[in-house]
Structures are given as structure tokens and as C-alpha cells.
1. Have a look at S288, S279 and point out the one that is under 26 Å from the mean Cα position of the chain (by Cα), surrounded by fewer than 20 Cβ atoms within 10 Å (Cβ to Cβ) and small (G, A, S).
2. Which count do you get for residues in the range 108-130 that are at pLDDT below 95 and either part of a helix (DSSP H, G or I) or not assigned by TED's automatic domain parsing to the domain that holds A27 (or both)?
3. (1) at pLDDT 95 or above; (2) more than 18 Å from M175 (Cα to Cα): which one isn't true of E52, the others all being true?
4. Please go through the range 255-270 and pick out each residue that is surrounded by 13 or more Cβ atoms within 10 Å (Cβ to Cβ) and within 18 Å of D214 (Cα to Cα).
5. Does the range 233-248 contain any residue that is in contact with a Gly (Cβ under 9 Å, 6 or more places away or on another chain) and under 30 Å from V166 (Cβ atoms)?
6. Tally the residues that are of a type in the set (G, A, S) and either surrounded by fewer than 11 Cβ atoms within 10 Å (Cβ to Cβ) or not assigned by TED's automatic domain parsing to the domain that holds V88 (or both), restricting the search to the range 40-71.
7. Select from the range 35-86 the residues that are touching a His at 6+ places or on another chain (Cβ under 7 Å) and under 15 Å from L101 (Cβ atoms) and list them in ascending order.
8. Residue by residue through the range 184-204, note down the ones that are in a helix (DSSP H, G or I) and touching a residue at least 60 places away in the same chain (Cβ under 8 Å).
Amino acid sequence: MVNIMTNWMDREGPLSEIVISTRLRLARNFSTYPFPMALNQKSAMMLVEDLENKINELDTVFGHKHELVRLSELNAVEKRILLEKHLVSSDFIKPGLPKALVLNEDQSVSIMINEEDHIRLQCLLSGLQLKQGWEIANRIDDYIDERLPYAFDDRLGYLTSCTTNVGTGLRASVMMHLPALTMTGYIDRIFQVASQMGLAIRGMFGEGSEVLGDMYQISNQVTLGRTENEIMSSLDEVVTQIVEREQAARKQLVDHNPYQIEDKIHRAYGVLVNARVLSSKEALEMLSYVRMGMGLGLIEDLSWNIMNRLLLEIQPAFLQKFYGEELSPFERDVKRAEFVRGILK
């Protein structure tokens, strides 16, 4: 059974007012196994078992407990929770080869086995912590490579199933809350500049997902011909500039339209603490205003980690697991309102 709580979010990170989380993901394949597209059921299961034996030693090496969860042992709701928590991809939970997921205690580290590549190693931290996330991911990456050699080419780097990941295999991304840039229309300019710098901006759940609650995921697109430090340095520079632009845009909104902004923020808070029916889309929109209100000092007595957890815990699968029953869409909206009221009051 997968723990539905996400404890890494309890630790407030740098710039958490605007930067919700940092994710470092490494795509890797092993030289001793056929690439994933050539794996059959038997060899895929052998890979899971091989990694399970190797990963058993992670506890003593890194001082944290790690658990291997076989995907076949989870029901549909539990799989969906993993997706809502950004621990797995949508492709990973689809039927196919035997798959497994390795999680540490606070779920800041996860390893997908038999996704598009043999493994996808991921580190999640709150706030802007690219360097710290890389240090954790790199240590575990080296540990695995010493016990099960990676497919590596001296000229191309790490060999991956998709050519866009060849090279470092590193995808660094940052989840940002940008309501003021969205409201003022400056977000379009941010998109243009990011694209010119080889960065991609997507919705809350990555590629193809809708932008909800003014949450944007910003990540590198190029992995070949650049070092890990170059990738992270470039992303860190852009994210820092966006934070400054968002702060300036918030000040501009308050200076020019103070009553309108305060009204939107307090109305949103009023909806969240009083609503009896709340869709996920409306909840995210209201939470976006409340988060901005916290940053402007208009709403007090709420912590960033509580607000960040709510972004995940109002999702459909989490609610069904939390209440221990299958819920219709309307029932979820009712329970979501009840859940949010309980947290905020």
C-alpha cells in the first residue's frame, strides 16, 4: 500500500512563495539488458527483481528506508495518486510490462522501473533547490551504476529510448506559481524568452496538461551537448528572473488596483472556507488567489507547506483514498469542499 501523504512538502524551501517545487529526473538504461522496447515479460520481471536486490542496500548507504512497490499490486486509485503526486508518469501506470516503483520515506526520491527507459530516477524538493536535488540524485545514480552498469557512449553520453534525453539524460524542472504575470498578460513574453533559451513551459502535470491555478512547470529541453551544471545553471538563472518579474507584477497590481486585488483574494478565501461543492478547477483557481494573498501579506496564519499540500490533496484519487470509498464526480466535489474547509478552518 502506498502512503498517501507527501512528507517532503512539509519542509519549506527557498522562494517557496513563488517556487512550489524542484524536480531532477534522470533517464537511464542498463548495458546488460535489452532496451525497453525490446524487453519481454520475462526479462522485464528479471530487471525488477535485479534492481530490488541492488536497492535493498540503499537503506544502509543513505540512511533512509526505501520501499519497492510492484505496480501490479496497486489498484487504479492508488496508481492515480502516484500520478497526482508527480511520482510517476501517465505512461508508467498504463498496462504493459512488469513495472515497479522505489520510494524513500518522505517520497522525495522515486525510481520508476520499466517506464520509457529501464529506470527514471527522480528527486523532488520544495522551493528552488536545483543544486541540492542534483546532489541527492547524483549520489543514488552513482550507487546504481556501480552495481548495474549503464548504457553509455563516450561521444553521446547516456543512451536513452528517446533521442531528446540522450546525453546527460537530465530533465530539471521547477513548478512555479505565477498569478500576477498571468493576470497582467506578461506570461506570454515569459514563454517566448524561455523558448529562446531552450526551456519548455507546461501545465501542472507536464507535457500536454492544462494550466490550472496559474501553476507552470518550467524545464530544460536539451540534454545533449550540455553538462548537468550548465543545464541547472541556465534554469536557475531563468527561474530567478521570473521570480523577480512575478514579484514586480504583484506590486504593480496592488499599486494600481488595490481594492480589486484584495477583493479577489478575500472572496477566494471566503469560497474555500464556506463552499459546500467545489470542483478541482475552481479549487485551484481559488487557492491561486489565496497563495498570492499570503505572499502579499493579506492573508496570515497559513503556512506554505499547507497550501502546497492542498494542491495535491484536492485531486480526485487522493480524496477517494482519504475517504476510503469510490466517489462519483459530484460526490468528490462535495468531499473536496469538506476537506478544504477542514484544513483552512
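1. Values: S288 fails: surrounded by fewer than 20 Cβ atoms within 10 Å (Cβ to Cβ).
Of the residues listed, the single one that is under 26 Å from the mean Cα position of the chain (by Cα), surrounded by fewer than 20 Cβ atoms within 10 Å (Cβ to Cβ) and small (G, A, S) is S279.
2. 0
3. The number of the failed condition is (1).
4. Scanning the range 255-270 gives I261, E262, K264, I265, H266, A268, Y269.
5. Checking the range 233-248: at least one residue is in contact with a Gly (Cβ under 9 Å, 6 or more places away or on another chain) and under 30 Å from V166 (Cβ atoms).
6. Going through the range 40-71 one residue at a time, the tally reaches 1.
7. L47, I55, L58
8. Passing the criteria: only T184.
The values are calculated or read from the model by the stated rules, or taken from the named source; none is laboratory data. Predicted model only: the values in this text are computed from it and were never measured. Please note: Cβ atoms are built from the backbone with ideal geometry, for glycine as well, and neighbour counts cover all protein chains shown.
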